1. Can you list the GluC sites (Glu not before Pro) in the stretch B:144-197 that are in a DSSP coil and have 16 or fewer other beta carbons within 10 angstrom?
2. With the Cα gyration tensor of the stretch B:235-274 in hand, give its eigenvalues times 5 under a square root as the equivalent ellipsoid semi-axes, listed largest first in whole angstrom.
3. Net charge around residue B:164, counting only other residues with Cβ within less than 13 Å of its Cβ (Lys, Arg = +1; Asp, Glu = -1)?
4. Rank B:112, B:68, B:49 by how far each Cα sits towards the positive end of the charge dipole of the stretch B:48-122 (+1 on Lys, Arg Cβ; -1 on Asp, Glu Cβ) and give me just the farthest.
5. How long is chain B along each principal axis, judged by its Cα atoms, biggest number first, in Å?
6. May I ask you to give the solvent-accessible area per residue for the stretch B:8-199, in square angstrom, as obtained with a 1.4 angstrom probe?
7. Return the calculated 222 nm mean residue ellipticity for chain B, to the nearest 500 deg cm²/dmol, obtained by summing -39500 (n - 2.57) across DSSP H runs with n ≥ 4 and dividing by the residue count.
8. With a 10 Å cut-off between alpha carbons and a GNM built on chain A, which of A:31, A:248, A:240 moves the most?
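The values are calculated or read from the model by the stated rules, or taken from the named source; none is laboratory data. Predicted model only: the values in this text are computed from it and were never measured. Here Cβ is always computed from backbone atoms with ideal geometry, including for glycine, and neighbour counts include all displayed protein chains. These accessible areas exclude ligands, DNA and RNA; they are computed on the full protein's heavy atoms, side chains included. Shrake-Rupley method; radii C 1.70, N 1.55, O 1.52, S 1.80 Å.
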Amino acid sequence: MRIVVGIKWVPNTQAVRFDPKTGTLIRAGVPSIVNPHDFPAIELALRLKDMYGGEVIAVTMAPPSATQGLEHVLGMGVDKGILLTDRKFAGADTLATSYVIAKGIEKISKEIGPVDVAIFGHETIDSSTAHIGAQVASWLGWPYVYYARDAKLVEDGKLRVTRQTEKAVEEYEVNLPAVVATAIKALKPRPVRLSYKLRAKIEKPIIAWNIEDLGLDPRCTGLKGSPTVVANITWMPEVPRKKIVYTPKDPRDAARWILKQLFSDESVAGFLKKALWGEE
Amino acid sequence: MKVNCEKLCPDWPCEQPDEFKDIWVVMETDEHGISEASLQMLTPAKKIQSKKPEEKIVAVLIGYNIKQYAEIPIKHGADKVIVVDDERLKTYYPRVYGQVIVDLAKKYKPAVILVSATMKGREMGPYIANTLRTGITADCTDFDVDEKTGDVLMIRPPFAAIMLAYIKTPFRRPQMGTARPNVFPVPPYDESRTGEIIEEKLETIMDPGMQLVNYVPVKKEEVLIEKAEIIVSVGKGIGSMDGVKLAEKLASLLGGVVAGSRKAVDAGFVDPERQVGQTGKSVKPVLYFAIGISGAAQHMLGVREAGRIVAINIDPEAPIFKQSDYGVVGDYRPILEALIEELQQLKEKGPEAIEELLKE
Ligand SMILES: Cc1cc2nc3c(=O)[nH]c(=O)nc-3n(C[C@H](O)[C@H](O)[C@H](O)COP(=O)(O)OP(=O)(O)OC[C@H]3O[C@@H](n4cnc5c(N)ncnc54)[C@H](O)[C@@H]3O)c2cc1C
């Protein structure tokens with residue numbers, strides 16, 4: 001099997017801080033990481049390879065600094081990394097991003113060998129749209145399953161994908177090639193292994209493709225190829241709240257204060273009475 | 001705005017925005033009928049319509065045996081309903097449902113399509129948008145209209161929930177946006193409303209490329225946090241499962257449920273599906289207790305629709321106090337224990353005891 005897995009090199013949002021005065025992001029010194037939600041996707045790809053052989057190729061559209069992210073996943077056992085990189089890819093929304101990734105997958109199929117499945121993570125921690133899997137499926141004309149928890153091959157070369165929705169555990173038999181996106185924390189990723197890291201250092205299996213390599217029209221990529229534009233950024237409006245704060249003498253005082261507030265507040269008192277005594 | 005076709009990606013159709021009209025809302029159904037989450041999307045549709053009165057609100061209802069529900073969106077504010085009721089739509093597949101909506105959109109040319117960001121909506125929405133070669137903005141918390149251009153503004157918190165980005169789709173149509181369930185209320189039911197119901201027939205149908213081969217319903221005994229009217233939510237400050245037990249006790253006394261912050265989920269105190277906030281769920285209880293929760297913007301985004309918020313936090317400087325109604329400074333543990341005891345006593349004494357309490 002030839003499996004492509006999409007990854008993103010993102011700022012570690014846990015480490016991002018805000019300047020409380022200006023409200024702006026303090027990005028300086030914020031390290032980047034492989035998007036944590038991509039790891040179940042990488043793990044699923046590696047498990048498929050463990051079971052059926054073949055190769056796993058990680059793909060990312062990013063500036064060259066994302067090479068570090070590709071190196072990290074090579075350390076987990078991914079065979080090749082492809083960096084789709086060009087100034088003309090900058091400023092892309094999800095449509096323009098998925099376009100470049102889809103064209104990258106087509107090029108892999110043509111030049112390296114046919115891709116059977118492309119796997120993406122649940123969403124990214126820096127923009128959380130969860131669009132890319134569905135959009136790549138749309139560009140390629142492949143079926144798409146989101147929220148996957150596991151997958152294996154069955155007869156007729158179909159992929160049996162298990163997922164859990166709000167209501168049920170579902171299993172699908174999906175024709176290949178297909179796009180799959182994993183659910184949050186679906187699989188526990190394997191650790192980085194030194195031997196893989198060394199192999200990656202020696203073999204250097206990272207290829208960079210730019211807009212000419214992919215043969216794309218600059219009107220279809222980056223800012224120009226993005227139908228959505230950010231028109232403005234403002235503060236989030238505040239929700240009006242009472243903001244009454246009480247420092248109690250002791251816990252009993254605290255409890256009674258809370259109950260007094262709630263039972264003299266019309267918007268909740270009736271509700272609480274009903275909850276306690278089953279009547280208004 | 002006049003779109004210059006020379007400047008567009010040649011893989012996209014060149015269409016002028018003024019060829020498009022009306023605001024579509026995609027209706028999702030299950031065995032109980034139309035989902036509340038999709039009816040909620042009629043609220044932003046009405047807001048857009050209030051600024052563009054010439055646009056009609058059209059509910060798009062597709063599936064099998066669903067024609068019976070066609071009046072419902074009208075009573076909640078839709079002007080028209082397009083129905084596709086076809087046995088071949090019995091099982092939902094993103095590509096099949098997506099393609100039906102794509103084909104309808106190509107025929108009717110709506111200016112806006114709103115989709116609820118349920119699991120299905122998050123799977124199918126971007127597929128529809130991309131197949132139409134248009135943009136889509138995920139998880140909007142509000143919608144508006146740009147007064148100068150008439151473009152719809154899709155408003156969402158980028159990256160961190162203290163700022164809002166206004167996103168528009170100036171040179172492509174339809175303009176697509178999603179919102180998480182419970183960000184908007186369902187518009188009130190109005191029996192007197194009437195509207196046109198248009199039935200569309202399918203000629204061919206897209207091959208799903210996949211088959212549902214096994215379906216095992218999962219029984220959920222607990223009330224989902226999205227539906228709960230009283231929520232006792234715990235943060236990292238809860239510290240232990242013993243603390244969570246106290247929260248559960250309070251919740252069960254009040255007929256409520258327990259939820260948590262992301263740090264509480266990460267620490268294993270509550271299930272991921274009970275996370276409240278930007279990357280969790282939006283909730284709209286009458287009463288929300290925030291116990292040992294600091295009040296990070298990403299958390300508070302999920303409780304904008306909550307009626308009242310009671311915060312218990314040991315740190316008098318915790319940001320939660322500036323974002324709640326009733327705040328108590330102190331260690332949550334003895335306070336919750338006392339609160340549970342007082343409530344139990346009240347419960348035994350009966351409603352008369354409240355007057356006594358308030359007199360003190
Ligand atoms: C992109 C992004 C998305 C995010 N999405 C979400 C989301 O959906 N939901 C979410 O919740 N967070 C989300 N976060 C994380 C968020 O920024 C905060 O880190 C998180 O909400 C903090 O959780 P907390 O309040 O439980 O923990 P903390 O911030 O660590 O606060 C713990 C609080 O407990 C108090 N405390 C400690 N001991 C006691 C005691 N004995 N009694 C009373 N109080 C006590 C402390 O004073 C403190 O205020 C997101 C972050 C990012 C960057």
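1. Hits after loop and neighbour filter: B:147, B:191.
2. After diagonalising the Cα gyration tensor, the semi-axes are 17, 11, 7 Å.
3. Working: positive: B:156, B:304; negative: A:238, B:139, B:142, B:144.
Residues near residue B:164 contribute -2 overall.
4. Positive-end residue among those listed: B:112.
5. 70, 43, 42
6. Working: 6640 Å² over 192 residues.
That works out to 35 Å² per residue.
7. Values: 10 runs with 96 residues, N = 360.
Rounded to the nearest 500, it is -7500 deg cm²/dmol.
8. A:248
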